[in-house]
Amino acid sequence: MKQILLIAAGEWRYWLRSRLALGSAFIFLLLFFVTSVLSSWHIEAQSHSREHHQSEAEDTFLAQPDRHPHRMVHYGHYLFRTAAPLASFDPGLDMVTGQSIFLEGHRQNTVMFAESAASADFGGLSWLSPALIYQLFAPLIIILLAYGSIAREREAAVLAPLMALGVSGHQLIAGKALALLSFILLMLVPLLISSSLALNRGESLNALLLLAGFYFIYLSLWLALSLLASTVFKKRASVLLTLFGLWFGLNLVLPSLAVNAIGSESTAAGKIESDLIMMADLRKLGNGHNASDPAFTKLKADLLAEHGVDNIEELPVNFRGIVAMYSEKKLTKVLNDYANKRMMAELQQEQALVRFGWLSPALAIAAASRAIAGTDLIHYHLFQTQAEAVRFNFVQGLNRAHAEALSYQADINRNKDEDSWKKARVDASNWQVLDEYEFQTAALSERYSNAAQAMRMLLAWLILAIAILFWRGGSIKP
Amino acid sequence: MKLQANSLYIERSGKQVLQGISFSVDQGQVYALLGGNGAGKSTTLLSFLGFLLPASGQALIDAKEVGADIGAARKNIAYLPESASLYEHLNAHENIEYFLQLAGSAATQAHIDGALDQVALAPDARLRKLRDYSKGMRQKVAIALAILRDTDILLLDEPTSGLDPNAIDEFHQLVRQLADKGKTILMVTHDVYGACQVADKIGLLHSGCLVGEFSAEDGNSIDTEVVHKAFSASAKSPSKISQTEPA
Ligand SMILES: Nc1ncnc2c1ncn2[C@@H]1O[C@H](COP(=O)(O)OP(=O)(O)OP(=O)(O)O)[C@@H](O)[C@H]1O
Ligand SMILES: [Mg+2]
């Protein structure tokens, strides 16, 4: 053990004297700092514009005068997604999915980007997140520090006298690994500092530690790979070339191949086709604006029987409002079925991509990281599902006002003349149907289980690399 | 401690490098291995360190096979490699300190300075990084390290290469003193004259075979002339000389 510590300390001394560690740490910190600032600025600007839009949308909705309730159904309302506390570290899918949705009757709209001054400011740089610095660039720093650890000493012929002292190959590797592990721990400090801002936004400390833990495993994997290459190859140049090749293949080539492979499976034509099928399905439900649509004959008969009256004029409720509620419910069920199918397909696609993590650890850490940060597909779907619940409640609230606060007579006569038009209105107090909504990131235990598969991949990679390293370490020759 | 090679065969990359050599070095003796480039001298040293294990035959330390417990064998050996292999980013003191600590033995700064005095390394150089050293200066640091290890056995691979004539003379005196104090010393060299001066025995290695062995008579050193002749003869036709002993 003493030898291992001595070797680790010796490695640190070499780093400090060669300015290697300082230079690497400086580059890393600079990259991290710049991306952190850009990213928090981006999120900040987004959340500002989101708050602004949200309150503006609510205010204008609530400020609407007395109207026909169905006009409010079509007037619609905006819902905005609050960024996850850790989104400024790992924006994940948020970069491409948008965060606002327009809620209205009879339709489920897609999530859009809220127009914000921020999105234009970053040009091509907005994809460069602090998480990406850890996923993509941190391995390069580790390669730079580790590639020479063993090969350098072999080239300088110090391996022979070193081992002649009784230092074993395993001790040598353990010592170098210890030095590198301590460097990795230092590399995680900026992550912990910057993500600790998330604590103020309601994130738990455990989430930060978990996130740091995942990156620790990921970077340790690169450490093991670098040490392995440094033991296997005789020349430092070959070690460096191999590791750069590996980095390029695992971190750039494989992920883009994986995205292409999965992307080509589902085509845009498929989406248009399924949209057409859905429209046909919806048409079968009848037109909710037309109470005499044959689709509602049974509803009418049941309702008349229930209230023991002969015609809809005698009902205590507005039949047109009942039809609107009934048809919204039916329609929503169909829409939800299609939405669930679509989300399921998206999820399968995502899982297919994550499965490539068995080949590329960069894909695995990216998946684990956004799962913990709450910026993954699952959270995107969560927002859509929650937004749909809000939409349904708000539309049905207006439809209930239609059924209960507006008489059938006034309703059907609304187009007769100016006066009837004015009579076919309900009081603006009925517009208080908007639920208080704030998007919440899922509980940590849930996020953890979403990240579990990616973590298994990283661990498998790490264990394999360490096993090979251990095996090769026993046969290090000067 | 006693070093002994017993019909030692060593293969490197499929090639027979040592072809069954036998010799022994007793405690308090200096054994010099002479031979042309590629004869197998360094290989012989490496086999006593357990870096190369015999294809057949044995490398023994105190009658125990090196391969049986390499760690134990290395504990008793100070090894001076062919090229002074030290850390370029450390100064003489730091190099010696680091290696000694790794070997599990510690020395005070005074001890280290004492050893550096013995090898006559200029005091003003001692705190400069080795990257600014000449070949001979590095060699001196490596020798100082070997002395400070204070082991029973010293394996020295061309210890005088790069040293100036004065330093070579002083080194040979040092080696003699160490042997007289009871160290067992196996030394590889190209310096026939120096070997004859300091060694109790000289082995002449040619293409992995020990083609001649010379011992010092009591009180006298080995005759340089005889060794020289045998050396040149072995280079021309090795089969002619066998176990040439001075009369
Ligand atoms: N690392 C190696 N791998 C394979 N063969 C080697 C290796 N090093 C040396 N050899 C071979 O072993 C033989 C003996 O080499 P060795 O280094 O023992 O010679 P030497 O007597 O020390 O020569 P020199 O005086 O040049 O130092 C040579 O033929 C050489 O080709
Ligand atoms: Mg040699």
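Set side by side, the residues B:Leu45, B:Leu100 differ, and just one is in contact (Cβ under 8 Å) with a residue 12 or more places away in the chain, assigned to a helix (DSSP H, G or I) and outside the structural domain of B:Ala122 (by TED's automatic domain parsing), which is B:Leu45.
With (1) more than 9 Å from chain A (Cβ to nearest Cβ); (2) within 16 Å of ligand 2 (Cβ to nearest atom) as the list, and B:Ser83 as the residue in question, which single condition is left unmet? Condition not satisfied by B:Ser83: (1).
Close contacts from region A:45-69, counting a first residue that is closer than 16 Å to A:Gln99 by Cβ and a second that is in a helix (DSSP H, G or I), with Cβ to Cβ under 6 Å and a gap of 6+ residues or different chains, come to A:Ala45/A:Ala118; A:Gln46/A:Ala118. In this structure, does B:Gln118 turn out to be within 16 Å of ligand 2 (Cβ to nearest atom) and touching a residue at least 24 places away in the same chain (Cβ under 8 Å)? Criteria not met by B:Gln118. A count restricted to region B:121-144 and to residues that are touching a residue at least 40 places away in the same chain (Cβ under 8 Å), more than 12 Å from every other protein chain (Cβ to nearest Cβ) and loosely packed, with under 14 Cβ neighbours inside 10 Å stands at 1. Condition check for B:Ser83 on (1) open to solvent by less than 60 Å² (accessible area, probe 1.4 Å); (2) under 13 Å from the mean Cα position of the chain (by Cα): one failure, at (1). Taking the conditions exactly as written (open to solvent by less than 10 Å² (accessible area, probe 1.4 Å), near ligand 1 (Cβ under 8 Å from one of its atoms) and not in a helix (DSSP H, G or I)), does B:Ala39 satisfy them or not? So B:Ala39 passes the test. Checking each residue of region B:38-53 against the condition of being away from chain A (no Cβ under 11 Å) and out of contact with any strand residue (DSSP E or B) (no Cβ under 9 Å at 6 or more places or on another chain) gives no match.
Taking the criterion of being polar (S, T, N, Q), crowded, with 20+ Cβ neighbours inside 10 Å and more than 16 Å from ligand 2 (Cβ to nearest atom), the residues of region B:145-192 that qualify are B:Thr151, B:Thr184. Residues that are surrounded by fewer than 19 Cβ atoms within 10 Å (Cβ to Cβ) number at least 1 in the following helices (runs of 4 or more DSSP H) confined to region A:284-399: A:297-307, A:319-355.
Scan region A:437-450 and tell me whether some residue there is aromatic (Phe, Trp, Tyr), in contact (Cβ under 8 Å) with a residue 40 or more places away in the chain and open to solvent by 50 Å² or more (accessible area, probe 1.4 Å). Yes: region A:437-450 contains one or more residues that are aromatic (Phe, Trp, Tyr), in contact (Cβ under 8 Å) with a residue 40 or more places away in the chain and open to solvent by 50 Å² or more (accessible area, probe 1.4 Å).
Run down B:Gly20, B:Gly71 and say which single residue is part of a strand (DSSP E or B) and either without any contact (Cβ under 8 Å) to a residue 12 or more places away in the chain or open to solvent by 10 Å² or more (accessible area, probe 1.4 Å) (or both).
On the way: B:Gly71 fails: part of a strand (DSSP E or B).
So the residue among B:Gly20, B:Gly71 that is part of a strand (DSSP E or B) and either without any contact (Cβ under 8 Å) to a residue 12 or more places away in the chain or open to solvent by 10 Å² or more (accessible area, probe 1.4 Å) (or both) is B:Gly20.
The values are calculated or read from the model by the stated rules, or taken from the named source; none is laboratory data. Small disclaimer: the values here were computed from a predicted structure and weren't measured. Counting neighbours? That spans all protein chains shown, and the Cβs are built from the backbone with ideal geometry, glycine included. Accessible surface areas use protein heavy atoms only, side chains included; no ligands, DNA or RNA. Shrake-Rupley method; radii C 1.70, N 1.55, O 1.52, S 1.80 Å.
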